[in-house]
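These notes concern the structure reproduced below.
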Amino acid sequence: MRIRKLALATSMAVLGLSTVLTAPAALAQAKEQFFPVLSYRTGAYGPNGAPWANGYVDYLKYINAKGGINGVKISFEECEFGYATDRGVECYERLKSKHGGGTAVHPLSTGVTFALTEKVPVDKIPLVTAGYGRSESQNGAVFTWNFPLLGTYWMAADVLIQHIGKKEGGLDKLKGKKIALVYHDSPYGKEPIALLQERARMHGFEVMLLPVAHPGVEQKATWLQIRQNRPDYVLLWGWGVMNSTSIKEAQATGYPREKMYGVWWSGAEPDVKDVGDGAKGYNALAKQHGAEPNAKIVKDIQATLHAKGQGTGPKEEVGQVLYMRGMIAAMLTVEGVKKAQERYGKGKWMSGEQVRWGLENLNLDQKTLDGLGFAGVMRPVQTSCLDHMGSAWARIHTWNGSKWEFTSDWYQADEKVIRPMVMLASGRYAEEKKITPRTPEQCKQ
Amino acid sequence: MLYRENGQFKSSYAADQQIFPIVQDRWAILGIVAFAFAAVPLLANEYLLSAILVPFLILALAALGVNLLVGYCGQITLGAGAFMAVGAYAAYNFFIRVDGMPLLAALLLGGLTAAAVGIVFGVPSLRVRGLYLAVATLAAQFLADWAFLRIKWFTNDSPSGSVSVANLHVLGWKIDSPVDRYLLCLAVLVVFALLAKNMVRSAIGRQWMAIRDMDVAAEVIGIRPMFAKLSAFAVSSFIVGVAGALWGFIHLSSWEPAAFSVDRSFQLLFMVIIGGMGSIMGSFFGAAFIVVLPIFLNQFLPWLGGLVGLAVSTATVSHAEFMIFGVLIVFFLIVEPHGLARLWSIGKEKLRLWPFPH
């Protein structure tokens, strides 16, 4: 009896599976620009992943509420992957060809970025990694499909070192100083090491590398080392629970939070909120924007979506650091589509290849940004074939116990340091993969 | 009615000892293999191939390797993820450092390296057993995690510690599309499953099982425990290593040590326990259960919610997925502690008598 029931249940399940798996590709309506959304709202990194996803989705909804991209409506679908690389790849495979193909994909995970870098050229979908991803992918001649818009980890580390140098009274004063890097032990955390070592060679400071294993709740040993060696500054390259744990450990060790600098993944509300006053004075890199509750676009989204109950996530979150990051990521992609439409036909559906061209020729000046409601939030962005990053500006913000406040001027990462590294690393990649870098003529096409 | 062996007489030892003594089984398996090779590439779409079937095939291969050690030889291991990592990184280094290294040779060399490492970590099994051995093999996991994160040479000095491969060929066949990847994995799996099945039916497999059931008695009847245990470690690690290399090369094509973390070791052990210890078939069931079910639930629940007009958020789905998955594990282990494979064979027994059970 039991066996029969089991067999029945299994066959039902198999039937269900086959319907679910064949269900997509259903009815084809008027072409909508499809945005696959890879998100993580659960797991150790969920508290940080959720606001990002909310901001991203809200902006897409907002564009739809305003009539779409020159009339082309946006559709999107979320897929939860919990920051696990294999599930992220599964999500990408699931969504990539729905509704005629994805416009662009934002993995929000360096591990998934590495995995997808091999896949997107085949599927012809741009891989936008706004502020993260692999640093050498700035060179669009080799990494045709990768777009680390608004900065990479090398650029982030460079700005942090410039800031520390300025505080010390000049980069030459860094000689003999000790800077510790507390990092998430994954490709993400390891990215800045190359640049820090390069800068250390230039200025004669010492880099201490302190890896923290996933998910980052066990850091006693790391901070014991910091207590023993007393580095002059600590750079924090964490994500999710690792950040708040680091700040709590710093508090317990008595390490001054004023000497701690996080990358933008370590500089948002979820990282410091629980620590409250203990995090006062903690600094982080703001890759252009910080918390922007007063920006025009934030007000617009509040009025268009959240006031009508159509927003994603809690209302208070709108304008927070990670929410803004998701929103800007969406904005850059939408602008890429707009740019593509300028060339391939206004009000038409754009394929991944066309969007790629749009992203590569993005040119957002201050006037356009102000018009979009991003006045005061970010600086102009201009991409090109050789520079898929578009802007190397950033500033520092500090947690004052209740909110993030800007505490520095704008910095620009030093091209003279980063460019040779990018060319070297991307050249090596091209050689390994037998890719012929695009020539300037090919870039124009 | 259809599944009955009346009238199938065996007139030779060879006929009596074949893998599938019942004609229907033989044809069914042949049919499934033929279907997998010929029909699936035509029917399945890209998503099904590259996101579900390829991981399933590779992890089934890994589970098969673990099953030889845990299920047949009775040596519990928590180091399977480490052996996968050794296989993947060794294959990677052979592949990029030796000019013109063929893909298959790199995969097999990766497996051989994993076998050598497996023997080293199998040495404690000569002294300790059961849970203590599990803890000892956990050391392999930590060592591998450490080595591939810290020793730059293994990752070819890649700044981020992530490695990748491209331009894969097998005898002039370019492994490019999802169909190619699927067929390669399937071919490797079929060959290894056949070898494994024959191995456990041969003298060495019987030695393993004797050690598993009672090692003192096995020693008394003349089985060398050292040879039996270490050979089990070697063969198991070899298969797991090849699976690891496939996971890196074919499935991910760009990976970091986190792909072979301790979670992977646990996952493989659970596949063996849920699928059925000491059963080749069980490895497939276990892999299907662990790989396919979460993805299925992840897509089935929103669809189910849609049927009753309920919009389910992705976070809720993800939570529900974990809960239902956990409940199903408990359910199946209560219904049949010997795993899904046992359930399968009970089903077959019943089918033989159907429709006139006692």
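When you filter the chymotrypsin sites (Phe, Trp or Tyr not before Pro) in the stretch B:1-84 for DSSP loop state and at most 12 other Cβ atoms inside 10 Å of their Cβ, you are left with B:F9.
Under a point-charge model restricted to the Cβ atoms of Lys and Arg (+1) and Asp and Glu (-1), what is the dipole moment magnitude of the stretch B:46-353 relative to its Cα centre, in debye to the nearest 20?
Dipole about the Cα centre, nearest 20: 760 debye.
Of all the options A:R428, A:R134, A:R87, the one that moves most in a Gaussian network model of chain A with Cα springs shorter than 10 angstrom is A:R428.
Counting only whole DSSP H helices of chain A, the ones at least 24 Å long by C-alpha along their axis and with mean Kyte-Doolittle hydropathy no lower than 1.0 are A:2-22.
Placing unit charges on each Cβ (+1 for Lys and Arg, -1 for Asp and Glu) gives the stretch A:108-243 a dipole about its Cα centre, and among A:L236, A:F114, A:G165 the Cα reaching farthest toward its positive end belongs to A:G165. If I take R0 = 56 Å and measure r between the Cβ atoms of A:Q197 and B:A15 in this structure, what FRET efficiency does the formula 1/(1 + (r/R0)^6) give, to the nearest 0.05? Once rounded, the FRET efficiency stands at 0.25. Across the stretch A:288-294, computed HN-Hα scalar couplings (Karplus, 6.51 cos²θ - 1.76 cosθ + 1.60, θ = phi - 60°) run 6, 9, x, 7, 10, x, 9 Hz from first to last residue, x flagging Gly and Pro. What the Cβ-Cβ distance of A:K178 and B:V128 gives, at R0 = 45 Å and to the nearest 0.05, is a FRET efficiency of 0.55.
Which order results if B:V200, B:V117 are arranged by neighbouring Cβ count within 10 Å, fewest first? Mind showing how you got there, number by number?
Numbers: B:V200 21, B:V117 24.
Neighbour counts put them in this order, fewest first: B:V200, B:V117.
FRET efficiency for the B:H169 to A:K444 pair, using the beta carbon distance and R₀ = 41 Å, is estimated at 0.75. Note on A:K273: aspartates and glutamates with a C-alpha under 16 Å away, same-chain residues under 8 apart excluded, are A:E249, A:E316, A:E317, A:E405.
Highest first, please rank the peptides B:302-313, A:149-160, A:73-84 by the mean number of other Cβ atoms sitting within 10 Å of their residues.
The densest-packed peptide leads the list: A:149-160, A:73-84, B:302-313.
Computed on the Cα trace of chain A, the radius of gyration divided by the Kirkwood hydrodynamic radius gives Rg/Rh = 0.99. The label-point distance for B:A320 and B:M214, in a model that sets each label 7 Å from Cα toward Cβ, rounds to 5.1 nm.
Taking 0.36 nm per residue of separation and subtracting the Cα-Cα distance, what length does fully extending B:I221 through B:V327 add? It would help to have the intermediate numbers written out before the result.
Details: separation 106, 0.36 × 106 = 38.16 nm, distance 4.36 nm.
Net length gain for the segment: 33.8 nm.
Over the protein assembly as shown, all Cα pairs binned in 20 Å intervals from 0 give whole-percent P(r) values of 15, 46, 31, 8, 0, listed from short to long. Under a 5 Å amide H cut-off, with hydrogens placed 1.01 Å from N, A:S408 pairs with A:I396 among residues at least 5 apart or on other chains.
Result for chain A in a Gaussian network model with C-alpha springs under 10 Å: among A:P148, A:P420, A:P107, the largest mean-square fluctuation is at A:P420.
The distance between label points at B:Q24 and A:E316 comes to 6.5 nm (points 7 Å beyond Cα on the Cα→Cβ vector).
What does the average come to when, for each residue of peptide A:89-97, you count the partner chain Cβ atoms lying within 10 Å of its Cβ?
On the way: counts 7, 9, 4, 3, 10, 7, 1, 3, 3.
Partner Cβ neighbours, averaged per residue: 5.
Given the -39500 (n - 2.57) contribution per DSSP H run of 4+ residues, what per-residue ellipticity at 222 nm results for chain A, rounded to the nearest 500 deg cm²/dmol? Value at 222 nm, helices only: -14000 deg cm²/dmol. Rounded, prolate or oblate: pick one for the stretch A:126-225, where a ≥ b ≥ c are the square roots of the eigenvalues of its C-alpha gyration tensor, a/c under 1.5 means rounded, and failing that, prolate if a/b is larger than b/c, else oblate. Judged from the Cα gyration tensor, the stretch A:126-225 comes out oblate (a/c at least 1.5, b/c at or above a/b).
Amide H contacts under 5 Å for A:T129: A:F147, A:L149, restricted to partners 5 or more places along the chain or on a different chain, H placed in the peptide plane at 1.01 Å from N. Unpaired cysteine residues in the protein assembly as shown (no second Cys Cβ under 4.7 Å): B:C73, B:C185.
Using 0.36 nm per residue of separation minus the Cα-Cα distance, give me the extension gain between B:A116 and B:D157 in nm, one decimal. Present the calculation step by step, with values, prior to reporting the outcome.
On the way: separation 41, 0.36 × 41 = 14.76 nm, distance 2.42 nm.
Answer, rounded to one decimal: 12.3 nm.
For the stretch B:213-219, putting each phi into the Karplus relation 6.51 cos²θ - 1.76 cosθ + 1.60 with θ = phi - 60° gives couplings of 6, 6, 6, 5, 4, 4, 5 Hz, in residue order, rounded to whole numbers and with x for Gly and Pro. Proximity of backbone amide H atoms, modeled 1.01 Å from N, is registered between A:S75 and A:Q33, A:F34, A:F35 at under 5 Å, excluding neighbours fewer than 5 places apart on the same chain. Here the Karplus relation 6.51 cos²θ - 1.76 cosθ + 1.60, evaluated at θ = phi - 60°, turns the backbone of the stretch B:176-186 into coupling constants of 10, 7, x, 5, 4, 4, 4, 5, 5, 4, 4 Hz, with x for every Gly and Pro.
Computed from label points 7 Å out along Cα-Cβ, the spacing between A:E342 and B:L353 is 7.8 nm.
What is the average number of partner chain Cβ atoms found within 10 Å of a Cβ in B:41-47?
3
Dividing the mean sequence gap of close Cα pairs (under 8 Å, 6+ apart) by how many residues the stretch B:46-353 holds gives a relative contact order of 33 percent. Averaged over the residues of peptide A:41-51, the number of Cβ atoms from other protein chains lying within 10 Å of each residue's Cβ is 2.
Nearest 5 is fine: what % of DSSP beta bridges in the protein assembly as shown come out antiparallel, could you say? Working shown, then result.
Numbers: 16 of 44 bridges.
Roughly 35 percent of the beta bridges in the protein assembly as shown run antiparallel, per DSSP.
As a size descriptor, the averaged projected area of the C-alpha convex hull of the stretch B:46-353 was calculated at 18.8 nm².
Each value in this text was obtained by applying a stated rule to the coordinates, not by laboratory testing. All figures in this text were calculated on a predicted structure; none of them were measured in a lab. As a convention, Cβ positions derive from the backbone with ideal geometry for all residues, glycine included, and neighbour counts pool all protein chains shown.
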